[in-house]
Amino acid sequence: MVITGLMLFSTACEDEALSPYVEPLSGVHAYAKLTESSPGSFLIGDLTNPIEMNIQWVSVDRELEVNQIEIYVLFNENYVDEDGNPLVAAHGGSQGLLFKTIDASGLANRENTLLTISQQDVFNLYQDATFDYDDDGTAVSVFDNDFKPSRSTTNPFIDGDNFELRWELTTADGLLFDSWSPSICTEFNTYQAADGTPNDGGFNCTVGWILECGQVINEPAQDYTIALNDSYGDGWNGAAISVIVDGVATQYTLPDGLASTEVVTVPTGTTDLSFDFISGEFDSEVTYTITSGKGNVIAAAGPSPAVGPITLNLCSENL
């Protein structure tokens, strides 16, 4: 027996002030939450580092048991059509593609099981996807087309992509739950059972995330050009940019004048590269840019740059 379940909530009392909780009808749902050590997004250029989450099936009234959880992945791509309109290509439609089937017969109600997913996993799932970007009746490969030249099979996901997990639950007696009321997904994160026992997890129906640039330079060994400027013309007055190569810091400053340029050669074999801004007496006069050997401006700040680690723009750099 297979029945598509829509889980609803009802209350026997019209006056909500007299009812401290709502009593659910029999049904099941799932709850997924990122682990404490998991990144919250995919990082551009990092195909193997996964997002990790714990997922559990939940029966509030403990009337039903789940023996199977099917995990679906949605991949959405932002693009601009030939008329300049921003649109979204939903490559998995509204349901997504089946990523994994979890045997939940050995999982108790509210027992976590670990689920991991990487960019490589999503690419493996969607590698044959096609889409008609210019709406001329001809679909082209999502991962090899002139509309997104920076996307390739070796760098499959780029800025503007976003992802989502959804799930379908099958109970031990054959009931299928694949959709829930909006209140389940958004309003009952702190549901309390009728006996006053708080739940040990919230409710949700999907988990979404995006692609981010990250702060790790994939190819650190190259020349970096640091342009230092001072609006008053008397140098940086103690301010400096610190370049940290595998833990060893070297400072670069403008000792006098309006501007200068420093070329920093980061040697082959470097595994860790970062930049810090060190404050001086007159930071309101200070501006700088850092350009990589690939020609990308990976940092620009000032007047009054933020003190400490410099946040890098690596979206283009790591392609």
Estimated vicinal HN-Hα couplings, Hz - the stretch 133-147 in sequence order (Karplus 6.51, -1.76, 1.60; Gly, Pro = x): 5, 9, 6, 10, x, 10, 8, 10, 4, 5, 9, 7, 8, 6, 6
Inter-centroid distance (Cα atoms) of the stretch 240-300 relative to the stretch 27-45, Å: 35
Phi to ³J(HN,Hα) by Karplus 6.51 cos²θ - 1.76 cosθ + 1.60 over the stretch 112-127, Hz, x for Gly, Pro: 6, 10, 7, 10, 10, 8, 10, 4, 4, 4, 5, 4, 4, 6, 10, 4
Proximal lysines relative to Lys100, as straight alpha-carbon distance under 24 Å, when same-chain residues fewer than 8 apart are discounted: Lys33
Correct option for Rg/Rh (Cα atoms, Kirkwood Rh) [calculated from the coordinates] among (i) 1.11; (ii) 0.93; (iii) 1.06: (i)
Cα-centred dipole magnitude for the stretch 239-319, charges only on beta-carbon of K, R (+1) and D, E (-1), debye, nearest 20: 260
Other-chain or far-sequence residues with amide H under 5 Å of Trp236's (modelled H): Leu254, Asp256
Packing-based ranking, highest mean first, of 91-101, 71-81 given that Cβ atoms within 10 Å are counted: 71-81, 91-101
Hz values of 3J(HN,Hα) by residue in the stretch 211-220 - Karplus curve (6.51, -1.76, 1.60), Gly and Pro given as x: 10, 10, 6, x, 10, 9, 7, 5, 10, x
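Using packing as a proxy for protection, rank 295-304, 274-283 so that the peptide with the highest average count of other Cβ atoms within 10 Å comes first. Write out the running numbers ahead of the final one.
Values: 295-304: 15.9, 274-283: 17.5.
Order by mean packing, descending: 274-283, 295-304.
Would you mind getting the accessible area per residue of the chain, heavy atoms of the protein chains only, 1.4 Å probe, in Å²?
Numbers: 16070 Å² over 319 residues.
Heavy-atom SASA per residue in the chain reads 50 Å².
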Amide H contacts under 5 Å for Gly293, placed H, 5+ residues apart: Asp223
Cα-projected label distance for Asn155 with Leu34, points at 7 Å along beta-carbon direction, nm: 2.4
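Can you tell me, using C-alpha contacts under 8 Å and at least 6 residues apart, the relative contact order of the chain as a whole percent?
Values: 722 pairs, mean separation 55.4, N = 319.
Once normalised by length, the contact order is 17 percent.
The values are calculated or read from the model by the stated rules, or taken from the named source; none is laboratory data. On a predicted model such as this, the values are computed, not experimentally measured, just so you know. Using ideal geometry, Cβ is built from the backbone for each residue, glycine included, and neighbour counts are taken over all protein chains shown. Heavy atoms of the whole protein, side chains included, go into the accessibility calculation; ligands, DNA and RNA do not. Shrake-Rupley method; radii C 1.70, N 1.55, O 1.52, S 1.80 Å.
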